[in-house]
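Peer 1: Input: one structure, supplied below.
What follows draws every value from the coordinates through simple rules; no lab data is involved. These numbers come from a predicted model, not from an experiment. As a convention, Cβ positions derive from the backbone with ideal geometry for all residues, glycine included, and neighbour counts pool all protein chains shown.
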Amino acid sequence: MIEQLLSHKDSIPYALAIAAIILATTVGYMLGKADPEVICAKYVVDLEQCEASQREQSLELAECKSKGAATQVFDCKAEINKAVSKALKDHKDIVCSD
């Protein structure tokens, strides 16, 4: 039997190539046969987690911006009081002068 194989040395690489093609086709079919929902489930879960994280970060950003705006208002309270007092005084002067 070995003598028969050795007498056809030229056909051995072709036989190996054909066997490799058949094996690759079979394995590819078996791997490709999986349900897409099973394959994509991990990606769907990751997407939902990323969207939830994005929503939380947006809320945190809005909260930080609102706190920053409130801090600026409290820092400007003295200036606002001066401006309101001046406006009221000017209004009183205008109304009373008539």
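Peer 1: Given N residues in the chain, what is its alpha carbon radius of gyration divided by 2.2 N^0.38 Å?
Peer 2: 3.18
Peer 1: Helix 36-75: angle to the longest alpha-carbon principal axis of the chain, degrees 0 to 90, nearest 10?
Peer 2: The answer is roughly 20 degrees.
Peer 1: May I pose another question? Just tell me the longest site-free run in the chain, where the sites are trypsin sites (Lys or Arg not before Pro) in a DSSP loop having at most 15 other beta-carbon atoms within 10 Å. Intermediate results must be reported in sequence, preceding the final value.
Peer 2: Details: sites that count: K9, K33.
Free of exposed loop sites, the longest segment is 34-98.
Peer 1: As an exercise, use a Förster radius of 35 Å and the Cβ-Cβ distance of C76 and Q54 to find the FRET efficiency, rounded to the nearest 0.05. All intermediate terms of the calculation are to be shown ahead of the outcome.
Peer 2: Details: r = 33 Å, r/R0 = 0.94.
Computed FRET efficiency for C76 and Q54 comes out at 0.60.
Peer 1: Can you give the net charge of the other residues whose Cβ lies under 13 Å from the Cβ of V84, counting K and R as +1 and D and E as -1? Each step should come with its number before you reach the end.
Peer 2: On the way: positive: K77, K82, K86, K89, K92; negative: E79, D90.
Within the 13 Å Cβ shell, the charges total +3.
Peer 1: With each run of n ≥ 4 DSSP H residues scored as -39500 (n - 2.57), what mean residue ellipticity at 222 nm is computed for the chain after dividing by its residue count and rounding to the nearest 500 deg cm²/dmol? Working shown, then result.
Peer 2: Numbers: 4 runs with 89 residues, N = 98.
Mean residue ellipticity, 222 nm, calculated: -31500 deg cm²/dmol.
Peer 1: Among A41, A52, A19, which one moves the most in a GNM of the chain with springs linking Cα atoms closer than 10 Å?
Peer 2: A19
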